[in-house]
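Reviewing the structure listed below.
The values are calculated or read from the model by the stated rules, or taken from the named source; none is laboratory data. Note that the structure is a prediction, hence the values are computed from the model and not measured. Positions of Cβ are generated from backbone atoms using ideal geometry, with glycine treated the same way; all protein chains shown enter the neighbour counts.
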Amino acid sequence: MRVIAGEARGRRLEALPGTEITRPTMDQVKEAMFSIVQFDLPGARVLDLYAGSGQLGIEALSRGRGPVRVPGREPGGREHRDEELQELRRV
């Protein structure tokens, strides 16, 4: 997985441990989703409700969207997402 656009473009994202838990969104799907909303939602708040690895929320942050919430219930998911978000803030 990787960030496909924005400030963190090309940054690799780690998958959640136990890949049977989540199915990451393919790059083509992320690109299509953000292409559809890119001009409608500048600075919008983002809720990645079924976050898993948090890659959609991280992609939104990279593209300059406003506050992002990435809740989830899978074991170890919160810690994993927090680590990825901390790394993104350093970019």
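Every residue in the range 33-91 that is outside any loop (DSSP other than H, G, I, E, B) and of a type in the set (Asp, Glu), please. Walk me through it before giving the result.
First, pick out the residues of the range 33-91 that are outside any loop (DSSP other than H, G, I, E, B): 33-37, 46-47, 55-62, 68-69, 77-90.
Selection gives Glu59, Glu79, Asp82, Glu83, Glu84, Glu87.
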Quick test of your reading of the structure: Met26 fulfils all but one of (1) out of contact with any His (no Cβ under 9 Å at 6 or more places or on another chain); (2) under 15 Å from Leu85 (Cβ atoms). Name the failing condition by number. (2)
Within the range 55-67, track down each residue that is more than 9 Å from the chain's Cα centre (by Cα) and either under 11 Å from Lys30 (Cβ atoms) or not basic (Lys, Arg) (or both). Arg63, Gly64, Gly66, Pro67
Gly52 modelled with pLDDT under 80 and over 12 Å from the mean Cα position of the chain (by Cα): no
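Which members of the range 23-32 meet the condition of being in a loop (DSSP other than H, G, I, E, B) and loosely packed, with under 13 Cβ neighbours inside 10 Å?
We begin by selecting, within the range 23-32, every residue in a loop (DSSP other than H, G, I, E, B); these are 23-26.
Correct list: Arg23, Met26.
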Restricting attention to the range 52-67, which residues are surrounded by 20 or more Cβ atoms within 10 Å (Cβ to Cβ) and farther than 17 Å from Arg12 by Cα? Arg65
